[in-house]
Amino acid sequence: MSLYSALTTSVAGLGAQSTAMQNISGNIANTSTNGFKRVDTAFVDLVSNQTADKNKQTSGSVLANSRQTNTVAGSVDSSQTTTHMSISGDGYFVVYDKIGEIDGKPIFDGTPLYTRRGDFTQDEDGYFVNEAGYYLAVIELDEATGNPVSSVPEPTTFEEGFMAAEATTTLTYTGNLPAVPTTSDSSGSMLTPGTGYTVDPTSASLGGTGVVQAQDEVQFLSQSISGGAITAYVANGESASVQLRWAKVVEGDPSIPTEDTWNLFYKSDSTATGTATKWTNVEQDYTFDSTGAMTSPTSNVTVTAMTIDGVDLGNIILDHGGNGDGITAYATTSGIANMNLSQDGAAAGEQTSLSIDDNGYVIANYSNGKSSSLAEVILASFDGDNYLARASGGAFRATEDSGLAILGATGSIRGSSLESSNVDIADEFSKMIISQQAYSANTRVLSTARDMLSEVMQIIR
């Protein structure tokens with residue numbers, strides 16, 4: 001009887017709208033949950049009967065299914081916590097659930113879970129754990145070589161480390177020398193030093209001795225310009241201050257032609273007195289044509305056995321740019337301009353913090369300003385994302401329909417950020433109003449069908 005069908009259909013409609021309201025309420029409740037994926041409701045019609053007569057087709061009942069939105073990303077917000085991270089594009093963090101402890105160490109469930117929730121911080125044991133209590137799985141790297149220790153991501157503890165000192169091997173040095181240097185000595189040339197010089201500090205290739213005695217330092221400083229200073233290191237962590245100066249030793253003459261020539265010096269003994277050597281020439285003539293372009297050297301310069309105040313730095317490479325053209329001599333009258341002076345060594349350092357970079361590496365930062373990669377965060381993907389089974393805390397389990405996890409997703413990791421829930425409050429309220437109206441309408445159908453049946457019962461009486 002059609003009235004009975006109307007009753008059962010209305011009851012099904014009430015159930016379907018109740019399911020929709022349940023999903024809506026869960027979405028709204030998790031608006032502020034990091035990495036949460038909303039659950040939409042898909043309504044499916046059920047055919048009550050089928051006949052060959054097209055004029056006798058009847059509307060059927062309804063079924064409500066939950067529809068996942070795992071592939072819909074939430075907005076990404078920056079975070080002040082350096083171990084927080086988010087995923088741009090496809091992928092999930094691989095995590096494990098803690099099921100107990102042995103001797104104070106966590107024991108993990110052997111089945112990995114997957115999540116987009118990236119609010120990870122270190123616990124007291126050094127593991128990365130998110131606010132839902134899941135432990136991040138990573139691939140540990142050999143700190144010396146940077147190569148993976150294994151191919152399977154697993155929870156790893158990161159303890160405070162120490163970085164050994166690194167010896168300086170290269171000084172990277174670029175900049176522009178003034179074509180007409182302004183010095184306190186008006187001659188501006190080391191080729192014809194003033195009264196008081198006992199040595200010619202120009203390089204051996206120009207007939208000089210290549211050193212400045214302590215007693216001649218005042219004159220030397222008056223005819224040279226500062227080239228900057230930097231701290232260099234030896235393997236045991238001992239340091240030395242490398243102080244540099246430039247002196248123009250040949251004034252070029254385009255009519256001959258000759259080129260401008262400069263020499264570079266470093267202070268080798270800051271305590272030297274009398275005739276002892278205080279500044280040492282690197283023994284390289286830097287020549288420049290009339291346009292200010294460097295014509296020699298054409299490659300890096302090696303300073304042999306550089307020793308400063310008794311600290312033996314060994315052979316030091318002066319890197320003046322990839323083609324040796326990082327030093328110019330354009331028409332400026334100030335000191336060396338656009339100077340870039342850096343070195344590749346470091347003192348020993350203690351670990352100060354951990355962070356996640358935008359390449360997905362766990363980075364240890366040290367007090368000496370250096371950093372090293374400790375592990376790589378691996379993302380997993382699935383062929384059937386929306387068929388993953390939900391677990392508490394914004395995690396998912398692989399199912400037969402989702403397929404097995406594929407390590408190495410195409411998504412990228414962004415450090416110091418978090419993915420928000422993909423719930424849109426305005427959209428959920430709109431769906432809630434529609435669901436409420438549909439629910440109310442189903443109750444009206446139910447009560448109307450009841451009244452109609454009551455009329456039939458009255459006829460029988």
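If you put +1 on each Lys and Arg Cβ and -1 on each Asp and Glu Cβ, how big is the dipole of region 170-343 around its Cα centre, in Debye rounded to 20? Could you put the intermediate results ahead of the total?
Numbers: 4 positive and 17 negative charges, 54 e Å.
Rounded to the nearest 20 debye, it is 260 debye.
For ILE256 and THR443 in one chain, what is 0.36 nm times their gap in residues minus the Cα-Cα distance, to one decimal in nm?
Length gained, ILE256 through THR443: 56.6 nm.
Which of the peptides 71-79, 255-263 is most tightly packed, and how do the rest follow, going by the mean number of other Cβ atoms within 10 Å of each residue?
Ranked by mean Cβ neighbours within 10 Å, highest first: 255-263, 71-79.
Show that you can apply the helix-only estimate: for the chain, add -39,500 (n - 2.57) for every DSSP H stretch of four or more residues, divide by all residues, and state [θ] at 222 nm to the nearest 500.
On the way: 3 runs with 70 residues, N = 461.
After summing the helix terms and dividing by the residues of the chain, the value is -5500 deg cm²/dmol.
How long is region 170-343 along each principal axis, judged by its Cα atoms, biggest number first, in Å?
Principal-axis extents of region 170-343 (Cα, largest first): 52, 40, 27 Å.
How many nm is it between the label spots at THR275 and ASP45, if each spot is 7 Å from the Cα in line with the beta carbon?
Between THR275 and ASP45, the simple spin-label model gives 11.1 nm.
Using only Cα atoms, what Kirkwood radius does the chain have, in angstroms?
29.1 Å is the Kirkwood radius here.
Taking the chain as the reference, fit the longest principal axis to its C-alpha atoms, fit the long axis of helix 425-460 to the helix C-alpha atoms, and give the angle between the two in degrees, 0 to 90, nearest 10.
10 degrees
Residue by residue through region 156-164, what is 3J(HN,Hα) from phi via Karplus (6.51 cos²θ - 1.76 cosθ + 1.60, θ = phi - 60°)? Round to whole Hz and write x for glycine and proline.
After applying 6.51 cos²θ - 1.76 cosθ + 1.60, I find 10, 8, 10, 8, 4, x, 9, 9, 5 Hz.
Pull out the extension gain between ILE433 and MET339, defined as 0.36 nm times the separation in residues minus the alpha carbon to alpha carbon distance; nm, one decimal.
Details: separation 94, 0.36 × 94 = 33.84 nm, distance 6.63 nm.
Going from the current span to full extension adds 27.2 nm.
Kindly state, to the nearest 0.05, the FRET efficiency for GLU238 paired with SER88, given R0 = 41 Å and r defined as their beta-carbon distance.
After rounding to 0.05, the efficiency reads 0.35.
If you take the beta carbon distance between ASN65 and ASP451 as r and set R0 to 41 Å, what does 1/(1 + (r/R0)^6) give as a FRET efficiency, to the nearest 0.05? Write out the running numbers ahead of the final one.
Working: r = 32 Å, r/R0 = 0.78.
Taking R0 as 41 Å, the efficiency between ASN65 and ASP451 is 0.80.
Remind me, relative contact order of the chain in percent, using alpha carbon pairs under 8 angstrom and six or more residues apart?
23 percent.
So between ALA305 and LEU407, what do we pick up on full extension, going 0.36 nm a residue minus the alpha carbon distance?
31.7 nm is the gain from fully extending ALA305 to LEU407.
How far is the Cα center of region 286-363 from the Cα center of region 390-461, in Å?
63 Å
Assuming R0 = 25 Å, what is the FRET efficiency of THR399 and SER353, from their Cβ-Cβ distance, to the nearest 0.05?
Numbers: r = 39 Å, r/R0 = 1.54.
FRET efficiency, THR399 to SER353: 0.05.
Quick check: Cα centre of region 88-149 to Cα centre of region 218-279, how many Å?
Using only Cα atoms, the two centres lie 53 Å from each other.
Please compute the alpha carbon radius of gyration of region 30-175, then divide it by the globular-protein estimate 2.2 N^0.38 Å. Two decimals is fine.
1.73
The numbers here are math on the coordinates, done by the rules we state, and not lab data. Worth saying up front: this structure is predicted, and the values here are computed from it rather than measured. Glycine gets a Cβ as well: all are built from the backbone with ideal geometry, and neighbour counts include every protein chain shown.
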